[in-house]
Structures are given as structure tokens and as C-alpha cells.
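Participant: Just dropping this structure here.
The values are calculated or read from the model by the stated rules, or taken from the named source; none is laboratory data. Computed from a prediction, not measured in an experiment: that's the story for all the values here. Glycine gets a Cβ as well: all are built from the backbone with ideal geometry, and neighbour counts include every protein chain shown.
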Amino acid sequence: MGEWFEEWFGEEYLELYPHRDETDAERLIALVGRIVPLGGRARVLDICCGAGRHARAFADRGHWTVGIDLSRHLLQRAQLVAGIPLVRADVRKLPFRPGSFDLAVNLFTSFGYFETDDEHRAALAEMLVPVKPGGWFVIDFLNADMVCEGLVQSEVMTTAAGQITVERWLQDEGRFVFKAITTPDGRQFMERVRLLRRDELVGMLTAAGGTVVHEFGSYDGVPPARGQPRVILFVRTR
């Protein structure tokens, strides 16, 4: 059996997160645009681009944008949505030359999927390699403390395909959050995310050769806080 993220990110995933739309993506990319001085036509790499909504927002601003993802289904959707160069690859081994991009992004909690922190450290280091010295890397992750404090253990979500049942639980003393998804036709999928706290992410990024310059707690650019939903880190590469 493969890793959970090799099996989950298909049409069922898109049905579960319909609220993560272009408007939502626009808020985040507008924040990136306010902080990162990209200029007229920057080279942007969207790591784990999914269905392409963030990549499209960058491309619409005139930037030369490339998306990478492991899911064939999401890449097919991204091709329809974004119309940009797309590459199927694992974040642990990116097929790009060092220093090829002005900016790389990893957005909407597209991280924390591996079993060990050594894998997470290696993946973050790999994400920084394609960024030129003095360039930027932006990671948008969940607020682990808020996830633990507000965990909804069970819910039923109504989608276009019918009702989806979602069960959530914490494991390993709150280091991981699991989500079991049951589709209307009875199929089951699993998500597992390492609940990396802000200081853990900063430590990994620093060890990988980055310097955290700006931090935010939401897509509207509010300061980071325990009650804010996101941990958004703007990193300069060395």
C-alpha cells in the first residue's frame, strides 16, 4: 500500500473542500504580492499546486509560473484551470535546477504529510533549492494549537455528490491529526498531518538555509496569534 497522499487527492478531495476557491486563493496571493517585491514577470514555483487556483492567480499577474504536484488528477484539473507548465513530482525530489525561481510557495497545508520529521526537514530543504539566493519562499500551514483546541471529532458534510462523513482524532500526544473520510458510496480515505508548531517550522527552515522575515496568522495579513487559523511564513533564501 502506498502513502495516504498518493491515494487521496482526487475528485473526492475537491468535493470535500469546495470553499477553497479562487476568491480564497486571491486573498492569499494578494498578501504575497504586498510583501514580496516580485517585479513585472517573476519566476514562480507553486509546490503542491493542487488544482491550480494559486498558480492561476500568479499567472494572471503576469508571472511565469510552474506548478508541481504528485496527483495526476489534480494536475489534470490544474491544466484546465491555470494553463501553465505543470510537472508531476514528489516534493522530496524536485526536478529543478538550483536558483531557477524568484519565489517558491507551498500553500494551504500542503506539508506535514510524512511519518518522520527527518522527511519533513529534507522536504523543506528541497523546496528551498530551486529558489535563487536572496529569493523568497512562502509556506502557508495550519495553526497546530488551534487545530488541537477546536478539533471537531465527527461531522457530516453535504456535497454535490451526497453526504461525506468525517472523523478526526489526535495521535502521538498531539503530534499528528488524523482525518477519516467516508464518501457517499462507502469508500474510505485517510489524511494524516504532522501538527508542526511555528517554532518547529522556523527551526526547519533556518536549518535549510532560510531566514523567516515576515509572519502572519491569516490570509488577511493579521499578526500571528494562538487564535488565528494559519501560520504563514515569508522566508528569504541565503
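Participant: Would you be able to tell me the number of residues in the range 204-216 that are in contact with a strand residue (DSSP E or B) (Cβ under 6 Å, 6 or more places away or on another chain) and buried (at least 18 other Cβ atoms within 10 Å of the Cβ)?
Facilitator: Looking only at that region, the number is 3.
Participant: If Pro223 satisfies every condition in (1) surrounded by fewer than 13 Cβ atoms within 10 Å (Cβ to Cβ); (2) part of a loop (DSSP other than H, G, I, E, B); (3) without any contact (Cβ under 8 Å) to a residue 60 or more places away in the chain; (4) out of contact with any Asp or Glu (no Cβ under 9 Å at 6 or more places or on another chain) but one, which is the exception?
Facilitator: Condition (4) is where Pro223 drops out.
Participant: So is Leu233 touching an Asp or Glu at 6+ places or on another chain (Cβ under 8 Å), surrounded by 13 or more Cβ atoms within 10 Å (Cβ to Cβ) and not acidic (Asp, Glu) or not?
Facilitator: Spelling it out, Leu233 is indeed touching an Asp or Glu at 6+ places or on another chain (Cβ under 8 Å), surrounded by 13 or more Cβ atoms within 10 Å (Cβ to Cβ) and not acidic (Asp, Glu).
Participant: Given the residues Thr159, Thr165, which is the only one that is surrounded by fewer than 18 Cβ atoms within 10 Å (Cβ to Cβ), touching a residue at least 40 places away in the same chain (Cβ under 8 Å), not hydrophobic (A, V, I, L, M, F, W, C) and not assigned by TED's automatic domain parsing to the domain that holds Asp117?
Facilitator: Values: Thr165 fails: touching a residue at least 40 places away in the same chain (Cβ under 8 Å).
Sole residue among the options that is surrounded by fewer than 18 Cβ atoms within 10 Å (Cβ to Cβ), touching a residue at least 40 places away in the same chain (Cβ under 8 Å), not hydrophobic (A, V, I, L, M, F, W, C) and not assigned by TED's automatic domain parsing to the domain that holds Asp117: Thr159.
Participant: Anything in the range 178-191 that is in a strand (DSSP E or B), in contact (Cβ under 8 Å) with a residue 40 or more places away in the chain and over 19 Å from Asp140 (Cβ atoms)? List them, or say none.
Facilitator: Ile181, Phe189, Met190 - these are the residues of the range 178-191 that are in a strand (DSSP E or B), in contact (Cβ under 8 Å) with a residue 40 or more places away in the chain and over 19 Å from Asp140 (Cβ atoms).
Each row is one residue, and each column tells you yes or no for (1) in contact (Cβ under 8 Å) with a residue 12 or more places away in the chain; (2) surrounded by fewer than 20 Cβ atoms within 10 Å (Cβ to Cβ); (3) among the polar types (S, T, N, Q).
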site: Ala78; (1), (2), (3): yes, no, no
site: Ile84; (1), (2), (3): yes, no, no
site: Arg88; (1), (2), (3): yes, yes, no
site: Arg97; (1), (2), (3): yes, yes, no
site: Phe101; (1), (2), (3): yes, no, no
site: Thr116; (1), (2), (3): no, yes, yes
site: His120; (1), (2), (3): yes, no, no
site: Leu142; (1), (2), (3): yes, yes, no
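Participant: Further question: Hey, does the range 57-74 have a residue that's in the same structural domain as Ser110 (by TED's automatic domain parsing), β-branched (Val, Ile, Thr), farther than 16 Å from Asp140 by Cβ and in a helix (DSSP H, G or I)?
Facilitator: no
Participant: Hey, does the range 138-153 have a residue that's out of contact with any His (no Cβ under 9 Å at 6 or more places or on another chain), of a type in the set (D, E, K, R) and under 13 Å from Ala208 (Cβ atoms)?
Facilitator: no
Participant: Please work out if Gly134 is in the same structural domain as Thr183 (by TED's automatic domain parsing) and more than 17 Å from the chain's Cα centre (by Cα).
Facilitator: Details: in the same structural domain as Thr183 (by TED's automatic domain parsing): no; more than 17 Å from the chain's Cα centre (by Cα): yes.
The answer is no for Gly134.
Participant: OK, next. Looking for whichever is within 21 Å of Cys148 (Cβ to Cβ), in contact with a Cys (Cβ under 8 Å, 6 or more places away or on another chain) and surrounded by 18 or more Cβ atoms within 10 Å (Cβ to Cβ) here; the options are Leu201, Leu170, Leu195. Which one fits?
Facilitator: Values: Leu201 fails: in contact with a Cys (Cβ under 8 Å, 6 or more places away or on another chain); Leu170 fails: surrounded by 18 or more Cβ atoms within 10 Å (Cβ to Cβ).
Step by step, each of Leu201, Leu170, Leu195 is checked, and only Leu195 is within 21 Å of Cys148 (Cβ to Cβ), in contact with a Cys (Cβ under 8 Å, 6 or more places away or on another chain) and surrounded by 18 or more Cβ atoms within 10 Å (Cβ to Cβ).
Participant: Condition (residue is farther than 24 Å from Arg56 by Cβ, among the basic types (Lys, Arg) and part of a loop (DSSP other than H, G, I, E, B)) applied to the range 114-121: is it met by at least one residue?
Facilitator: So far as the range 114-121 goes, no, none of its residues is farther than 24 Å from Arg56 by Cβ, among the basic types (Lys, Arg) and part of a loop (DSSP other than H, G, I, E, B).
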